[in-house]
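Notes for the one structure printed next.
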Amino acid sequence: DNPTGTYFTKKQFDEFILFVPDRVLVILDEAYYEYAKDIKDYPDSMIYRYDNVITLRTFSKCYGLAGFRVGYGFAHRKLIKNLLKVKLPFEPSIPAQIAALAAINDKKHLEATLNENYNGIKYLLNEFDKMNLRTIPTVTNFITIVFENKLKANNFLEKMLNNGVILRGLKSFGLPECVRITVGTMDENRYLVEVLNKIIKYI
């Protein structure tokens, strides 16, 4: 889930889909699928091959191809046939298609990316806990911090920016008291923590 980093469980999805009429499309945006797929109760949408379910995935996250704007989807053959009638006439560029094919076959890079993200999440959560910062449990490549109010969140954003750290405030998502922090390399994560330790007493 963007922007909180949470997910709904198999049980929750099973309960939800029971109340959805067959004529209603269910679109499952699995942009963070690779980060969450090994969680025991994560509802991998490929298991739910209902005629009215569309699964969307992207190469923009763990594959690192955001600039290419390329992704893929799964759905019933009839749904795909109807979508093709209204889709834009231009496919992703040739370089984007080549990059996507290379990425999906590069298992070593994917594994390395997921491992680095796992270690980064673990490190940052441990450091945030030491600072008594409240976070939302995450299964993605970012962590959402919850402050007491929007003033503290804005103050935090400003002080981090003044120290060269660009973060995402979540006011536009209806969460003005929250800030999203994307996990970086370990060097970047350590610098973030270094800055945090310097400014935390002023928040």
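Restricting to region 142-156, name every residue that is closer than 18 Å to Leu124 by Cβ and surrounded by fewer than 18 Cβ atoms within 10 Å (Cβ to Cβ). Give the steps one after another, and end with the answer.
In the first step, residues of region 142-156 are kept if they are closer than 18 Å to Leu124 by Cβ; the result is 142-147, 153, 156.
Hit for region 142-156 is Val146, nothing else.
Listed residues Asp22, Asp51, Asp41; which is loosely packed, with under 12 Cβ neighbours inside 10 Å, in contact with a Ser or Thr (Cβ under 6 Å, 6 or more places away or on another chain) and either of a type outside the set (Gly, Ala, Ser) or outside the structural domain of Asn115 (by TED's automatic domain parsing) (or both)? Before the answer, list the steps.
Values: Asp22 fails: in contact with a Ser or Thr (Cβ under 6 Å, 6 or more places away or on another chain); Asp51 fails: in contact with a Ser or Thr (Cβ under 6 Å, 6 or more places away or on another chain).
Going through Asp22, Asp51, Asp41 in turn, the sole match is Asp41.
Just one of (1) assigned by TED's automatic domain parsing to the domain that holds Tyr72; (2) loosely packed, with under 12 Cβ neighbours inside 10 Å; (3) part of a loop (DSSP other than H, G, I, E, B) trips up Pro95, so point out which.
All conditions are met except number (3).
Being in a helix (DSSP H, G or I) and of a type in the set (Phe, Trp, Tyr) is the filter here, so list the residues in region 120-169 that pass it. Outline the logic, then answer.
Narrowing region 120-169 to residues in a helix (DSSP H, G or I): 120-130, 150-162.
Within region 120-169, Tyr123, Phe128, Phe156 qualify.
Mind listing whichever residues of region 157-190 are under 14 Å from Tyr123 (Cα atoms) and either of a type in the set (Asp, Glu) or in the same structural domain as Cys62 (by TED's automatic domain parsing) (or both)?
Start the filter on region 157-190 by keeping residues that are under 14 Å from Tyr123 (Cα atoms), which leaves 181-190.
Within region 157-190, Asp187, Glu188 meet the criteria.
Cβ-Cβ distance below 6 Å, separation of 6 or more or different chains: which pairs start in region 13-42 with a residue that is under 30 Å from Leu110 (Cα atoms) and without any contact (Cβ under 8 Å) to a residue 60 or more places away in the chain and end on one that is surrounded by 13 or more Cβ atoms within 10 Å (Cβ to Cβ) and among the basic types (Lys, Arg)?
Glu30/Arg57; Ala31/Lys61; Tyr33/Arg57; Asp41/Lys10
Residues checked against (1) among the charged types (D, E, K, R); (2) within 30 Å of Ile199 (Cα to Cα); (3) at pLDDT 95 or above:
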| position | (1), (2), (3) |
| --- | --- |
| Lys85 | yes, no, no |
| Phe90 | no, no, no |
| Ala99 | no, no, yes |
| Glu111 | yes, no, yes |
| Lys122 | yes, yes, yes |
| Asp129 | yes, yes, yes |
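Going through region 157-189 one residue at a time, which ones are loosely packed, with under 12 Cβ neighbours inside 10 Å and in contact with an Asp or Glu (Cβ under 8 Å, 6 or more places away or on another chain)?
Once the filter is applied, which keeps residues that are loosely packed, with under 12 Cβ neighbours inside 10 Å and in contact with an Asp or Glu (Cβ under 8 Å, 6 or more places away or on another chain), region 157-189 yields only Thr185.
Please determine, by comparing only the residues of region 191-203 that are in contact (Cβ under 8 Å) with a residue 40 or more places away in the chain and surrounded by 13 or more Cβ atoms within 10 Å (Cβ to Cβ), which one is nearest to Glu127 (Cα to Cα).
Of the residues in region 191-203, the ones in contact (Cβ under 8 Å) with a residue 40 or more places away in the chain are 192-193, 196-197, 199-200, 202-203.
Filter once more, keeping what is surrounded by 13 or more Cβ atoms within 10 Å (Cβ to Cβ): 192-193, 196, 199-200, 203.
On the way: Leu192: 10, Val193: 7, Leu196: 10, Ile199: 14, Ile200: 12, Ile203: 16 Å.
Here the answer is Val193.
Go through the residues of region 5-24 one by one and say whether even a single one is assigned to a loop (DSSP other than H, G, I, E, B) and of a type in the set (Asp, Glu). I'd like the intermediate steps shown before the answer.
Here is the first cut: in region 5-24, the residues assigned to a loop (DSSP other than H, G, I, E, B) are 5-9, 18-24.
Applying the additional criterion that residues be of a type in the set (Asp, Glu) yields 22.
The answer is yes; a qualifying residue exists.
How many of the residues in region 32-60 are assigned to a loop (DSSP other than H, G, I, E, B) and modelled with pLDDT under 95?
So the first thing to find is which residues in region 32-60 are assigned to a loop (DSSP other than H, G, I, E, B), and the list is 32, 37-44, 48-52, 59-60.
Next, from what is left, pick out any that are modelled with pLDDT under 95: 37-44, 48-52.
The qualifying residues number 13.
Would you mind stating whether Tyr63 is under 25 Å from Asp1 (Cα atoms), modelled with pLDDT of 95 or more, outside any helix (DSSP H, G or I) and not polar (S, T, N, Q)? Outline the logic, then answer.
Working: under 25 Å from Asp1 (Cα atoms): yes; modelled with pLDDT of 95 or more: yes; outside any helix (DSSP H, G or I): yes; not polar (S, T, N, Q): yes.
For Tyr63, the condition - under 25 Å from Asp1 (Cα atoms), modelled with pLDDT of 95 or more, outside any helix (DSSP H, G or I) and not polar (S, T, N, Q) - is met.
The values are calculated or read from the model by the stated rules, or taken from the named source; none is laboratory data. Quick caveat, the model's predicted, so the values are computed rather than measured. Using ideal geometry, Cβ is built from the backbone for each residue, glycine included, and neighbour counts are taken over all protein chains shown.
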